[in-house]
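Following: one structure in structure tokens, then a few remarks.
Each reported figure results from applying straightforward, stated rules to the coordinates on display, with no laboratory input. Just so it is clear, the model here is predicted, and its values are computed rather than measured. Glycine also receives a Cβ, built like all others from the backbone with ideal geometry; neighbour counts cover every protein chain displayed.
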Protein chains: 2
Amino acid sequence: MPDAAIGLNAVIVAVTEEVPRILTVRREPPSGGPPEDALPFGPLEPETDRTLDRGLRRWVREQTGLELGYVEQLYTFGDRNRDPRESHGGPRLVSVAYLALVREVSVSGDARWRDWYEFFPWEDWRAGRPAVLERAIAPALERWAATAPEPRARQERRERAEIVFGLGGVAWDGDRVLERYETLYEAGLVPEARRDRIERGEAGSFPPDDGQPLPARAMTLDHRRILATALGRLRGKLKYRPVVFELLPPTFTLLQLQRVVEALSGVRLHKQNFRRLVENAGLVEGTGRQDSQTGGRPAELFVFRREVLRERPAPGVGLPGVRRG
Amino acid sequence: MPDAAIGLNAVIVAVTEEVPRILTVRREPPSGGPPEDALPFGPLEPETDRTLDRGLRRWVREQTGLELGYVEQLYTFGDRNRDPRESHGGPRLVSVAYLALVREVSVSGDARWRDWYEFFPWEDWRAGRPAVLERAIAPALERWAATAPEPRARQERRERAEIVFGLGGVAWDGDRVLERYETLYEAGLVPEARRDRIERGEAGSFPPDDGQPLPARAMTLDHRRILATALGRLRGKLKYRPVVFELLPPTFTLLQLQRVVEALSGVRLHKQNFRRLVENAGLVEGTGRQDSQTGGRPAELFVFRREVLRERPAPGVGLPGVRRG
DNA sequence: CTCGATATGCTCAAGATGAGCATAGGAGAT
DNA sequence: ATCTCCTATGCTCATCTTGAGCATATCGAG
């Protein structure tokens with residue numbers, strides 16, 4: 001049975017000051033050149049790592065000094081030539097990606113926290129519909145659609161662009177982060193699409209926008225795809241599992257909770273309805289104590305109510321009162 | 001970088017005559033003995049399989065003659081000693097499991113279709129709360145809880161049993177298939193738990209019910225765990241993506257649609273509300289033609305409405321009017 | 001043409017959601 | 001002291017969704 005190497009990637013998420021952040025390290029790209037942002041990653045040690053997530057925890061500890069708590073498997077990436085070294089005799093690299101949620105924010109080594117919306121500016125609707133959508137994405141996707149050879153394919157590309165980016169009257173669906181990234185990749189609007197094609201020797205003239213990638217931070221290899229997978233999964237999970245609390249201190253105000261949910265989902269919520277939902281769902285419990293750092297009337301401090309797991313089949317925060325863009 | 005072997009597993013689902021079926025093959029267990037049920041599986045060929053799902057399609061074709069359509073990655077299983085051959089010098093085996101939905105039901109080789117509820121009888125609530133819950137599962141889990149060494153651990157086991165199996169007044173959550181299977185595994189109520197412990201040389205006296213596994217069909221290795229993962233994922237996905245239609249002929253009556261949803265989710269639905277939901281959601285479109293095989297008033301034939309993908313962010317069938325057990 | 005069976009239409013109460021008004025209770029400025 | 005600016009928190013109300021069930025339609029079989 002032929003062999004392959006198993007890699008482990010971690011998307012480590014924290015939210016501080018209303019900014020969702022992910023932990024990155026700096027790595028030289030395999031083809032040489034200046035260091036790029038990367039997710040913490042490393043190989044599984046088949047001899048010593050009893051389970052995949054233990055291997056992951058070991059690697060993260062070694063690279064960043066962080067002890068992970070909540071961890072969840074995301075997806076396994078195994079296309080050939082994810083890493084260009086494969087074409088030069090390297091082994092087939094299959095990577096298992098994980099999502100981790102943490103509270104702490106002190107890291108060591110070359111690790112640093114970055115706002116995840118630097119990598120996906122079009123995903124943050126908290127200040128309204130991002131301008132990059134109309135200004136850059138919509139016209140570039142229209143050029144992409146127009147250059148398809150068949151009328152049928154042009155139609156399909158337009159439809160896809162409208163559905164995933166909420167153009168032409170279609171509603172925005174926050175969870176489709178990965179579909180949006182993949183559409184941009186196929187349209188040649190992210191620099192890694194071009195880089196990958198060059199490395200594979202397929203530098204055709206095909207996608208029209210190769211010269212002007214969108215204003216967003218890139219990552220090494222396919223790490224931005226992994227990040228998009230993580231963001232989409234987390235946004236979805238928020239709605240039916242009480243995972244936000246992994247990102248909050250043990251005690252918090254309802255506005256803090258709301259801000260974290262907003263940071264992750266990328267939309268602003270209606271405050272009163274948010275509280276009603278969270279309280280009626282029995283997700284939280286007042287402590288009687290107050291937080292006077294609010295700059296206004298002091299807010300009550302709440303804790304997560306574990307019993308909710310007994311009472312409700314799928315307790316999550318939902319997104320009450322999303323402001324329609 | 002040390003190497004490992006990549007395996008690919010397929011959970012292939014079809015629904016015929018209101019029975020959800022999965023495709024199994026017969027395989028000798030690694031330790032010898034009579035053949036057991038297994039999921040179609042085989043190694044990734046790093047040289048020839050460009051992507052993981054291509055490798056999977058190739059293997060399924062070779063083993064069963066089936067061409068897969070809809071395919072979705074489920075989970076990657078990588079614990080050490082999933083396959084006992086590892087302890088005898090074999091390579092570390094990491095398996096990527098996939099879910100596939102098909103319509104066709106003719107297969108070749110030693111492949112055969114099996115009712116998936118044979119493997120999980122407690123998951124089928126269509127004829128009311130399964131008797132095995134009260135008769136066997138609840139008391140066995142209580143024994144398991146009672147034998148925990150610490151009072152705290154006893155409490156935690158009871159709570160877990162109640163939450164995942166809907167005991168003691170907790171509502172049944174159809175999606176938690178995997179959590180239920182894993183609870184039974186830890187409690188020693190499925191034969192593979194005992195088998196794995198013996199193979200690892202840990203045949204302690206610890207779980208109390210080792211002698212009397214539940215009346216359910218087992219599978220080789222950890223394939224029943226993979227199957228539980230698939231069932232849970234499919235039940236969840238049903239609610240927010242129009243995947244049922246992958247299992248139906250292009251044209252169908254609303255009752256056929258309802259029966260397939262019921263077969264998968266394991267609960268009976270309120271008919272009128274189901275139609276209202278499905279029609280209001282714009283998931284289907286009448287064709288004007290009728291099916292007169294109903295044994296009653298002829299039913300209109302419907303088709304899936306692709307446009308729904310444009311209109312709704314998360315179109316799925318939901319489960320309106322679940323009869324509370 | 002009546003029975004049994006299923007399809008399909010409709011109603012109605014209860015609950016959830018979207019949106020906004022109104023009041024409460026702090027801190028800092030005047 | 002009191003005014004002003006904040007944020008917290010309580011409450012209302014129209015609208016939509018859901019759960020449940022009644023009533024009627026339309027077929028085949030006897």
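All C-alpha pair distances within segment A:43-164, sorted into 10 Å bins from zero, spread as 10, 23, 27, 25, 13, 1 percent across the bins. Summing +1 for each Lys or Arg and -1 for each Asp or Glu among the other residues whose beta-carbon sits under 11 angstrom from that of B:P35 gives -2.
Counting only other chains, and only Cβ atoms inside 10 Å, what mean value do you get across the residues of A:46-55?
Partner Cβ neighbours, averaged per residue: 4.
Just so you know, the averaged projected area of the alpha carbon convex hull for the protein assembly as shown sits at 31.5 nm². Please give the contour-minus-distance gain from B:R103 to B:E118: 0.36 nm per residue of separation, less the Cα-Cα distance, rounded to one decimal in nm. My answer for the length gained is 3.4 nm. Of all beta bridges that DSSP places with both ends in the protein assembly as shown, some 75 percent have antiparallel geometry. Would you tally the net charge around B:P215, using a Cβ to Cβ cut-off of less than 12 Å, leaving B:P215 out, and scoring K and R as +1, D and E as -1? Once positives and negatives cancel, what remains is +1.
Return the single residue from B:R176, B:R312, B:R143 with maximal mean-square fluctuation; model: Gaussian network over chain B, springs between Cα atoms under 10 Å. Greatest mean-square fluctuation among the candidates belongs to B:R312. Using the Cβ-Cβ distance between B:R152 and B:E179 with R0 set to 22 Å, the FRET efficiency from 1/(1 + (r/R0)^6) comes to roughly 0.60. The alpha carbon convex hull volume per residue for segment B:147-191 rounds to 71 Å³.
Taking every pair of alpha-carbon atoms in chain B, what share in percent sits in each 10 Å bin, from 0 to the bin with the longest distance? Result returned by the calculation: 5, 23, 30, 25, 12, 3, 0. In plain terms, the bigger the Kirkwood radius, the slower the diffusion; for segment A:1-103, with that radius from Cα pairs, at 20 °C and 1.002 mPa s, Stokes-Einstein puts D at 146 µm²/s. Modelled spin-label separation between A:S292 and A:L255, with each label point placed 7 Å from Cα along the Cα-to-Cβ direction: 1.6 nm. Rounded to the nearest 5, the antiparallel percentage of DSSP beta bridges internal to chain A is 75%.
The value of relative contact order for segment A:233-325, using C-alpha pairs under 8 Å at least six residues apart, is 40 percent.
Pairs of C-alpha atoms in segment A:211-272 farther apart than 20 Å represent 42 percent of all such pairs.
Across peptide A:73-81, the mean count of Cβ atoms from other chains lying within 10 Å of each residue's own Cβ comes to 6. Based on the reciprocal of the average 1/r between different C-alpha atoms, the Kirkwood radius for segment A:251-320 equals 12.7 Å. Max-minus-min Cα coordinates of segment B:172-308 on each principal axis give 65, 32, 25 Å, with the largest extent listed first.
Given contacts defined as C-alpha pairs under 8 Å and at least six residues apart, what's the relative contact order of chain B, whole-number percent? Relative contact order here is 17 percent. Highest GNM mean-square fluctuation among B:H223, B:H88, B:H270, for chain B modelled with Cα contacts below 10 Å: B:H88. Could you work out Rg/(2.2 N^0.38 Å) for segment A:128-247, with Rg from alpha carbons only? Ratio of Cα Rg to 2.2 N^0.38 Å: 1.15. Distance between the 7 Å Cα→Cβ label points at A:A127 and B:R26: 6.7 nm. Annotation: lysines with alpha-carbon distance below 26 angstrom to B:K239 (same-chain offsets under eight excluded): A:K237, A:K239, B:K271. Starting from the label point of A:N280 at 7 Å along Cα→Cβ, the same points in the other copies fall at 1.6 nm, in ascending order.
Distances from A:A138 to itself in the other copies, using label points 7 Å out along the Cα-Cβ axis, amount to 5.8 nm in increasing order. Distance from the Cα centre of segment A:250-281 to that of segment A:64-129, in angstrom? One Cα centre to the other: 26 Å.
Annotation for B:E300, label-to-label distances across the other copies: 5.1 nm (shortest first, one decimal, point 7 Å from Cα along Cα→Cβ). Result for chain B in a Gaussian network model with C-alpha springs under 10 Å: among B:P121, B:P213, B:P250, the largest mean-square fluctuation is at B:P250.
Dividing the convex hull volume of the alpha carbon atoms of segment B:115-187 by its residue count gives 86 Å³ per residue. Only helices enter the 222 nm calculation for chain B: every DSSP H run of n ≥ 4 contributes -39,500 (n - 2.57), and dividing by all residues gives -9000 deg cm²/dmol, rounded to 500. Relative to the longest principal axis of the Cα atoms of chain A, the long axis of helix A:254-265 makes an angle of roughly 10 degrees.
Restricting the calculation to alpha carbons of segment A:31-71 gives Rg and Dmax of 12.2, 35 angstrom.
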